[in-house]
Amino acid sequence: MTNAAMTMGAIGEVRKHSGWFIALGILFLIGGVFAIAMPFIAGLTVAAVVAIVLVWLGIVEIIHAFNVKSWGGFIWDLIIGLVMLIGGISMWVNPVVATVTLTLFIAATFIAKGVFQVILGFRMRPHDGWGWMVTAGVLDLIVGLIIWAKWPISAVWAPGTLVGISLIFTGWSYIMVAAAARRLS
């Protein structure tokens, strides 16, 4: 199947289900607005979800360790599973501390991403778009430094606000994809 045929098939599928795309987009938008309006609750929710995922993965890793004991990595699989399980339980038991810790991780991630984007942007020069890459990197760096400078108070607003922004952009993208598919009909 050619790329054009696959693209037309995808467009047809989106057009056929455009109402669902729009509904999903609206739900994401509403969730994003709530997350931004109540960022601390959204941040605690993120911490709770991460805790659940870590507990689940820890249990699976421990089961995996006992199922493949003879491969030579048993003890490491077991340790990794226990670390994830204990970390997830501790996040669940104290979600405020988890949110504060996640906020520090978010700040560090934005700072590192920003630095590497700026470096990449300057390495791309003189190609088109290099300035956008540098700008995105500088913005990430600024966001990371603001979160870091205001830490631990930034835990009250940063994770939830960032999740809210992400949800809004995701929702808007679903709506725009559906609108574009409808226009092509």
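The values are calculated or read from the model by the stated rules, or taken from the named source; none is laboratory data. This structure is a prediction, so every number in the text was calculated from the model and none was measured. Positions of Cβ are backbone-derived with ideal geometry, glycine not excepted, and every protein chain shown enters the neighbour counts.
Considering only the range 139-185, state which residues are surrounded by 15 or more Cβ atoms within 10 Å (Cβ to Cβ) and more than 27 Å from Ile30 (Cα to Cα).
Within the range 139-185, Leu141, Trp148, Lys150, Trp151 qualify.
Out of Val83, Val96, Val134, I need the residue that is among the hydrophobic types (A, V, I, L, M, F, W, C) and either crowded, with 16+ Cβ neighbours inside 10 Å or closer than 23 Å to Phe28 by Cα (or both). Which one?
Val134
Under 8 Å between Cβ atoms, at least 6 apart or on separate chains: pull out the pairs that start in the range 46-70 with a residue that is closer than 30 Å to Phe34 by Cα and touching a residue at least 60 places away in the same chain (Cβ under 8 Å) and end on any residue that is of a type in the set (A, V, I, L, M, F, W, C) and buried (at least 18 other Cβ atoms within 10 Å of the Cβ).
Hits for this filter: Val46/Leu102; Val46/Val163; Ala47/Met91; Ala47/Ala98; Ala47/Leu102.
Looking at the range 120-134, which of its residues are touching a residue at least 12 places away in the same chain (Cβ under 8 Å) and within 23 Å of Ile146 (Cα to Cα)?
Listed by number, the residues that qualify are Leu120, Gly121, Met133, Val134.
Filter the range 47-64 down to residues that are surrounded by fewer than 18 Cβ atoms within 10 Å (Cβ to Cβ) and within 15 Å of the chain's Cα centre (by Cα) and give me whichever is nearest to Val100 (Cα to Cα).
Checked the range 47-64; the qualifying residue nearest to Val100 (Cα to Cα) is Ala48.
Could you go through the range 160-167 and let me know if any residue there is under 19 Å from Pro39 (Cβ atoms) and over 20 Å from the mean Cα position of the chain (by Cα).
No, the range 160-167 contains no residue that is under 19 Å from Pro39 (Cβ atoms) and over 20 Å from the mean Cα position of the chain (by Cα).
So is Val14 more than 18 Å from the chain's Cα centre (by Cα), at pLDDT 95 or above and surrounded by 14 or more Cβ atoms within 10 Å (Cβ to Cβ) or not?
no
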